[in-house]
Amino acid sequence: ARVRFAYLAPGFQIKPHVDYDPSYIVRFHIPLITNKQCTLGASVKNEKKEVHLPADGNIYFLNTGYKHWAANNSSDPRIHLIVDVQNQDDLHDLAEFNNYI
């Protein structure tokens, strides 16, 4: 598993790309600092969609097996905490650990 902060500078874009097959890596985004001009896009079955992920405490699944991209069209930075886990078993183990805290 891997955890990192993803800083997207003002006016910067991440070009469309494909990362991992979700059967290998499961990726989650936790927006920490963002605004409505920051978007995440994906192309699924030739349909392109872009959404804003608000910093509201929710965790968002990203299927990195589809072409995806990000854009920060604002003058402020965007920061997400990105969590990659090996598979669904890692999520179960994390939930089990959470019960002890």
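The values are calculated or read from the model by the stated rules, or taken from the named source; none is laboratory data. These numbers were taken from a predicted model, which means no experiment stands behind them. Reconstructed Cβ throughout: ideal geometry from the backbone, glycine too, with neighbour counts over all protein chains shown. The protein model used for the area step is the full one, side chains on, heavy atoms only, and it has no ligands, DNA or RNA in it. Shrake-Rupley method; radii C 1.70, N 1.55, O 1.52, S 1.80 Å.
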How many residues are in contact (Cβ under 8 Å) with a residue 12 or more places away in the chain and either in contact with a Ser or Thr (Cβ under 7 Å, 6 or more places away or on another chain) or farther than 24 Å from P10 by Cα (or both) when one looks only at region 71-91? 9
Consider G65 against the criteria (1) without any contact (Cβ under 8 Å) to a residue 60 or more places away in the chain; (2) outside any loop (DSSP other than H, G, I, E, B); (3) touching a Pro at 6+ places or on another chain (Cβ under 8 Å): it satisfies all of them except one. Which criterion is unmet? (2)
Out of (1) open to solvent by less than 50 Å² (accessible area, probe 1.4 Å); (2) over 21 Å from F12 (Cβ atoms), what's the single condition that is false for A42? (2)
